[in-house]
């Protein structure tokens, strides 16, 4: 009799445990950290900084013939051109937003040209600087630059402070094909600004001495034919940049052939 009561008690205990298990609500899984959105790609950050709408052009092409020279500014409204003071030996000019002053390189010196007549002012020297890519749309005090890489690989990308000369590296993933392609593209000279595109094209003409070839700067506005804005007529011209208001183009004019 005692054994029977024990069996009944055990069955009741198991039944109670089963009912309790059914009534118990399932516990939610432990909270996990919310996934963060992936950071923008390297080229997205570059385009956002420069305020341009498309990836820069090819690594090599027309315009590579121009190593350095004098600087010329073209007014796109009147199509008149004005050489900037300072002579030859300059390269990689860019406009500074808000003032239309021009920054350019002479060797490893960063030089500033005012829009009014006058000699350029050397701001500072940046060892290994290769190119001024462009000023920041919302940060006119910073300019995107390329610097040589001691290992001989792809160049360094950085932001240069116009006021202090300090350099802040803009890192990219050297194992990413997309990032490396973006760095290579930054070495080209084609730029798209909204509905405007600047590019360098090869030109040629027949002369008494034979065929003469050179490069010119062309501007293409959406829906219109490209216009030769440099009109260098036998002299290599290239490395163009558009002003922030879209009214001026600066480029490098090499020595006459």
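The values are calculated or read from the model by the stated rules, or taken from the named source; none is laboratory data. Every value quoted in this text rests on a predicted model; they were computed, and no experiment measured them. Reconstructed Cβ throughout: ideal geometry from the backbone, glycine too, with neighbour counts over all protein chains shown.
Points worth noting:
- Selected residue (criterion: surrounded by the most Cβ atoms within 10 Å (Cβ to Cβ)) from residues of the range 137-149 that are under 12 Å from the mean Cα position of the chain (by Cα) and closer than 18 Å to residue 91 by Cβ: 145
- Annotation: of all residues in the range 134-166 being touching a helix residue (DSSP H, G or I) at 6+ places or on another chain (Cβ under 6 Å) and in a loop (DSSP other than H, G, I, E, B), the one that is farthest from residue 184 (Cα to Cα) is 136.
- On the stretch given as the range 83-136, residues that are in contact (Cβ under 8 Å) with a residue 12 or more places away in the chain, exposed (fewer than 14 other Cβ atoms within 10 Å of the Cβ), farther than 22 Å from residue 149 by Cα and out of contact with any strand residue (DSSP E or B) (no Cβ under 7 Å at 6 or more places or on another chain) total 6.
- Any hit, the range 61-72, residues being at pLDDT below 90, surrounded by fewer than 18 Cβ atoms within 10 Å (Cβ to Cβ) and closer than 23 Å to residue 180 by Cα: yes
- Residue ranges of strands (runs of 3 or more DSSP E) in the range 179-225 with at least 1 members out of contact with any helix residue (DSSP H, G or I) (no Cβ under 9 Å at 6 or more places or on another chain) and under 23 Å from residue 235 (Cβ atoms): 196-207, 210-221
- Search result, residues across the range 150-166 that are within 19 Å of residue 43 (Cα to Cα) and either free of Cβ contacts under 8 Å to residues at least 12 places away in the same chain or surrounded by 14 or more Cβ atoms within 10 Å (Cβ to Cβ) (or both): 154, 155, 156, 157, 158, 159, 160
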